Amino acid sequence: MPVCLSNEMRNTKIYDPEYIRSTVLRAYGERIDISGKIARSTRIVRARSIYLAKIDKVFSLLADLVGRCARLPRSSSMHPFYAEIALIASEKMYDNLIDRCRRVVHIVTNLYRDYRRRIAESEDPAEIEALSREYVGRVLSTVRRGLRGIELLRKAVEEVSRSPCISEEAINIVVCGMPQVGKSTLVSRISSAKPETSPFPFTTKRVIMGHLDIEGRRIAIIDTPGILDRPLEDMNEIEMKAVAAIKNLADLALFLIDPRKGAYYSLAEQLRVLRSVTSLLGMERVVVLINKVDAASKEEIGEVLEILKSNGYEKIYLISALTGYGLDLLLKELANVKTEKSEI
């Protein structure tokens with residue numbers, strides 16, 4: 001079954017303190033209708049009923065609005081890919097922000113119980129009104145202080161919700177490489193996904209999944225943003241999403257290389273990124289695709305082949321994602337991918 005945390009998070013809204021404040025004040029100001037026996041009761045009974053109803057309404061709203069972030073799963077309980085996406089988007093504050101939400105709910109609940117008791121025990125209508133207003137002021141102050149930085153949590157939820165639905169049964173093939181090597185063109189050629197392509201780097205800004213059925217096997221083809229030739233600590237958020245997919249999803253990685261002298265990035269840069277990907281997965285889980293062979297010379301292709309083989313790479317395919325050249329052989333390779341999933 002798919003692990004569809006991304007689908008669940010699409011229905012999760014994270015509210016900022018200003019929205020919560022305006023919603024609470026509007027609800028508090030709404031008229032409370034009393035009728036029947038209470039309407040005919042003493043002034044103190046009427047006041048108590050009205051202001052208890054007001055703080056009940058306020059507490060119910062806060063439990064819902066703040067409770068949404070408090071009920072989010074912690075990163076330790078998430079699939080590692082989702083967890084890493086959430087931590088990247090929140091600047092590693094994801095779990096800390098959930099803890100803040102939970103503390104706010106705890107404080108608001110204790111204040112509600114305390115003020116409800118005090119209002120119920122009071123015999124002074126003026127004091128009852130003052131207590132209810134005091135409760136609203138204190139809980140809104142708690143929300144304002146406690147939910148600082150909540151926009152990072154909202155961003156994390158949005159990023160996870162845009163991520164693909166992970167299947168425990170499908171074979172995951174991650175397509176990776178530097179920008180402008182033809183990753184998205186390949187993904188759209190061999191799978192159900194249709195990512196945007198353009199002549200500019202970083203057109204792909206998130207992880208995109210398509211599917212392919214070969215000989216009765218369900219294969220997920222995962223497009224990733226381009227990775228630049230630099231250390232992990234220097235990578236931007238877009239590149240870090242690609243690394244998260246490679247580390248946490250790839251049963252096999254297809255690494256694309258543009259062999260042309262006039263490629264957007266030099267061959268030396270591309271080979272250094274290939275070594276970084278290999279260090280994450282091991283050589284046995286990396287297939288190198290020399291792409292754009294329809295536009296490259298024999299000499300350019302031959303140079304790349306020689307370097308790859310001298311560095312121990314054995315699974316190498318010559319392809320053109322644009323024309324479809326060589327993709328039949330590549331699909332045979334994908335049909336024979338061996339993973340723990342395929343052996344169960």
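Each value in this text was obtained by applying a stated rule to the coordinates, not by laboratory testing. Only a predicted model underlies this, so the values are computations on that prediction, with no experimental measurement involved. Note that we place each Cβ from the backbone using ideal geometry, even for glycine, and neighbour counts take in every protein chain shown.
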Using Cβ counts within 10 Å as a stand-in for footprinting exposure, how do Met209, Met78, Met235 rank, fewest first? Met235, Met78, Met209
Suppose every K and R has +1 on its Cβ and every D and E has -1 on its Cβ; what is the size of the dipole of the chain about the Cα centre, in Debye to the nearest 20? 1840
With label points set 7 Å from each Cα along the Cα-to-Cβ direction at Glu306 and Glu284, the distance between them in nm comes to 3.1
Alpha-carbon centroid distance for the pair segment 201-231 / segment 141-169, whole angstrom: 23
About the Cα centre of segment 66-150, how large is the charge dipole given +1 on each Lys and Arg Cβ and -1 on each Asp and Glu Cβ? Please answer in debye to the nearest 20. 320
Helix axis angle, 125-146 relative to the chain longest principal axis, alpha carbon, degrees: 20
Cβ-based charge dipole, the chain, positive-most Cα from Met178, Met9, Met209: Met9
Pairs of alpha-carbon atoms within less than 8 angstrom and 6+ residues apart define the contacts here; what relative contact order does segment 25-108 have, in percent? 28
When Asp258, Asp328, Asp294 are ordered from fewest to most other Cβ atoms inside 10 Å of their Cβ, what list results? Asp328, Asp294, Asp258
So, R0 is 41 Å and r is the distance between the beta-carbons of Asp124 and Asp99; what FRET efficiency does that work out to, to 0.05? 0.60
Expressed as a whole-number percentage, the relative contact order of segment 67-172 with C-alpha contacts under 8 angstrom and at least six residues apart is 37
I want to check the label-to-label distance for Asp64 and Lys205. Put each point 7 Å from Cα in the C-beta direction and report it in nm to one decimal. 3.2
For segment 155-257, what is the charge dipole size about the Cα centre, in debye to the nearest 20, if Lys and Arg each add +1 at the Cβ and Asp and Glu each add -1 at the Cβ? 240
Any idea how far apart Glu314 and Asp114 come out in nm if each label point goes 7 Å out from Cα toward Cβ? 7.0
Least to most buried among Thr204, Thr185, Thr42 (fewest other Cβ within 10 Å first): Thr42, Thr185, Thr204
FRET efficiency, 1/(1 + (r/R0)^6) with R0 35 Å, evaluated for Arg230 and Cys165 via beta carbons: 0.70
Using the beta-carbon distance between Ser77 and Ala53 and R0 = 35 Å, what value does 1/(1 + (r/R0)^6) give for FRET efficiency, to the nearest 0.05? 0.40
I need the Debye-formula profile for segment 166-343: one equal scatterer per C-alpha, no solvent, reported as log10 I(q)/I(0) at q = 0.08, 0.12, 0.16 1/Å, two decimals. -0.21, -0.49, -0.92
Which listed residue (Leu97, Met78, Val157) has the Cα farthest towards the positive end of the charge dipole for segment 26-157, taking +1 on Lys and Arg C-beta and -1 on Asp and Glu C-beta about the Cα centre? Val157
Which angle between 0 and 90 degrees, to the nearest 10, do you get for helix 80-89 versus the longest principal axis of the chain when only C-alpha atoms count? 70
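What number, in nm² with one decimal, is the all-direction average of the projected area of the convex hull of the alpha-carbon atoms of segment 86-168?
Working: hull surface 29.2 nm².
Averaged projected area of segment 86-168's Cα convex hull equals 7.3 nm².
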Segment Lys37-His106, length gained on full extension (0.36 nm per residue, minus Cα span): 21.3 nm
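Suppose a student asked you for the relative contact order of segment 239-344, using Cα pairs under 8 Å spaced at least 6 residues apart; what percent would you report?
That works out to 26 percent.
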Over segment 221-282: Rg over Rh, Cα atoms, Kirkwood Rh: 0.94
Among Asn291, Asn248, Met235, whose Cα projects farthest towards the positive end of the dipole of segment 213-335, with charges put on the beta-carbon of Lys, Arg (+1) and Asp, Glu (-1)? Asn248
222 nm mean residue ellipticity, helices alone, for the chain (DSSP H n ≥ 4; -39,500 (n - 2.57); rounded to 500): -16500 deg cm²/dmol
For segment 2-159, what log10 I(q)/I(0) values come out of the Debye formula at q = 0.10, 0.15 1/Å, with one point per alpha carbon and no solvent? -0.45, -0.79
